[in-house]
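Peer 1: Before I ask anything, let me first share the structure, which is written out below as structure tokens.
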Amino acid sequence: MARLFPIRHVMGYIFSLVLSLVALGVIYWDLTFAAAMVILIISALIQASLQLVLFMHIGETDSKKTLYLNIAYAVFVGVVTIFGTLFAMIWGY
Amino acid sequence: MKINDTLPLEYRTEENSNKIFGFWLFLGAEIALFSTLFAVYFTLWNRTGSGPTGKELFEVGGVIWETFLLLTSSFTCGLGIHAMRLGLKKPMMIFFIVTLLMGLGFLGIEITEFVNYVHEGATLQTSAFLSSLFVLLGTHGLHVTMGILWGAGILIQVGRQGFTPETANKSFIFSLYWHFLDVVWIFIFSFVYMKGLM
């Protein structure tokens with residue numbers, strides 16, 4: 001039974017639950033908008049990395065450099081899309 | 001056919017490693033897709049017109065359950081792949097069935113939520129905020145629906161054929177997809193619900 005539940009996976013799962021609880025905290029704690037966003041961004045990024053590295057095994061083969069580069073490029077495109085849109089539509093240009 | 005025994009079963013033929021690599025490229029495109037939907041939502045989230053705001057609409061209870069179910073299903077999906085690498089067919093199938101059932105539970109809560117929104121007069125046409133919200137959540141929910149159908153199909157094949165390079169490859173690629181859906185949900189949870197309820 002124990003070998004079906006490797007400790008790395010169990011720890012990763014518990015850690016993601018804890019991070020979700022931390023993110024949940026922003027609606028109960030009295031935080032400034034900036035502080036809350038910092039907490040949300042950091043906890044979401046850690047959780048996403050946990051999934052990639054631990055559960056998706058991104059680094060297990062020789063092509064890991066290409067895979068990381070691919071994800072990094074996709075995230076770059078995503079960040080440019082989101083912040084570029086906000087820059088043009090909301091922040092006023 | 002060149003077979004590399006040092007790698008897990010799902011990678012061993014060149015075709016199969018290429019399929020896994022290709023699926024990672026697809027996930028990169030999915031990141032771009034969801035980014036555009038988030039960009040629309042972040043632009044329109046306070047354009048609520050005469051409709052409700054996120055703070056009035058969102059209910060934290062359902063969201064916590066959805067998050068818990070999806071996180072746990074991602075965990076059991078990972079355990080399924082781990083069992084597959086140990087060559088244990090029955091545990092792998094049980095973990096995958098649990099994964100898919102939790103996916104169904106997630107969908108049930110999400111659909112109930114949508115029905116409640118519509119009953120409160122918050123429809124796709126009510127405001128720009130609601131249009132962007134329904135499109136973002138709906139696209140994720142559609143991915144989960146497809147994943148459940150896809151995973152069920154793979155389970156049938158694993159049940160019939162056991163672990164072959166093909167079924168192992170398909171199961172692993174499905175697991176990548178399922179974990180990715182959890183990643184997208186983490187961002188929806190944080191930047192739609194938590195930010196909206198703050």
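The values are calculated or read from the model by the stated rules, or taken from the named source; none is laboratory data. Predicted model only: the values in this text are computed from it and were never measured. Using ideal geometry, Cβ is built from the backbone for each residue, glycine included, and neighbour counts are taken over all protein chains shown. Keep in mind that these areas ignore ligands, DNA and RNA; they rest on the heavy atoms of the full protein, side chains included. Shrake-Rupley method; radii C 1.70, N 1.55, O 1.52, S 1.80 Å.
Peer 1: Please identify the trypsin sites (Lys or Arg not before Pro) of segment B:33-130 that satisfy two criteria: DSSP loop assignment and at most 16 other Cβ atoms within 10 Å. Which are they?
Peer 2: Values: sites: B:Arg47, B:Lys55, B:Arg85, B:Lys89; in loops: B:Arg47.
Those that pass, being in a loop and sparsely packed, are B:Arg47.
Peer 1: Can I ask one more? Grab the DSSP H runs of the protein assembly as shown that are 4 residues or longer, score each as -39,500 (n - 2.57), total them, divide by all residues and round the 222 nm result to the nearest 500 deg cm²/dmol. Don't skip to the answer; put the middle values down first.
Peer 2: On the way: 9 runs with 213 residues, N = 291.
Value at 222 nm, helices only, nearest 500: -26000 deg cm²/dmol.
Peer 1: Next question, about the same structure. Just checking the output field for A:56-69: average partner chain Cβ neighbours within 10 Å of each residue's Cβ? Walk me through the intermediate numbers first.
Peer 2: Numbers: counts 14, 9, 2, 0, 3, 7, 2, 6, 0, 0, 3, 6, 1, 1.
So the per-residue partner count for this stretch is 4.
Peer 1: Compute the distance in nm between two label points, each set 7 Å from the Cα along the Cα-to-Cβ direction, one at B:Ala32 and one at A:Val79.
Peer 2: Going by the 7 Å Cα→Cβ label model, 1.8 nm.
Peer 1: On to the next question. Once Lys and Arg get +1 and Asp and Glu get -1 on their Cβ, which of B:Thr145, B:Pro52, B:Phe23 lies farthest toward the positive end of the dipole of the protein assembly as shown?
Peer 2: So the residue furthest toward the plus end is B:Phe23.
Peer 1: Restricting to lysines 8 or more places apart or on different chains, can you count the pairs in the protein assembly as shown with Cα atoms under 30 Å from each other?
Peer 2: 17
Peer 1: Something else: Of B:Thr53, B:Thr43, which has the most accessible area with a 1.4 Å probe, and how do the rest follow in descending order? Each step should come with its number before you reach the end.
Peer 2: Values: B:Thr53 50, B:Thr43 10 Å².
Ranking B:Thr53, B:Thr43 by accessible area, largest first, yields B:Thr53, B:Thr43.
Peer 1: Just to be sure I understand the model, the point goes 7 Å from the Cα along the line to the Cβ. What's the resulting A:Met11 to A:Ile46 distance in nm?
Peer 2: Taking the simple label geometry, A:Met11 and A:Ile46 are separated by 1.4 nm.
Peer 1: Quick one: net charge of B:Gly61's neighbours, Cβ under 14 Å, K/R +1, D/E -1?
Peer 2: On the way: positive: none; negative: B:Glu59, B:Glu66, B:Glu110, B:Glu113.
Overall, the nearby charge balance is -4.
Peer 1: Which one of B:Pro8, B:Ile154, B:Val135 is farthest out on the positive end of the charge dipole of chain B, using unit charges on Cβ (Lys, Arg +1; Asp, Glu -1) and the Cα centre as origin?
Peer 2: The residue sitting farthest along the positive end of the dipole is B:Pro8.
Peer 1: Sticking with this structure for a sec: Scan chain B and report its longest stretch carrying no GluC sites (Glu not before Pro) that are both in a DSSP loop and have at most 14 other Cβ atoms within 10 Å. Walk me through the intermediate numbers first.
Peer 2: Numbers: sites that count: B:Glu59, B:Glu120.
So the longest stretch without any such site is B:121-198.
Peer 1: Charges only on Cβ, +1 for Lys and Arg, -1 for Asp and Glu: so what's the dipole of chain B about the Cα centre, in debye to the nearest 20? Could the numbers behind the result be given before it?
Peer 2: Working: 11 positive and 13 negative charges, 85 e Å.
Dipole magnitude for chain B comes out near 400 debye.
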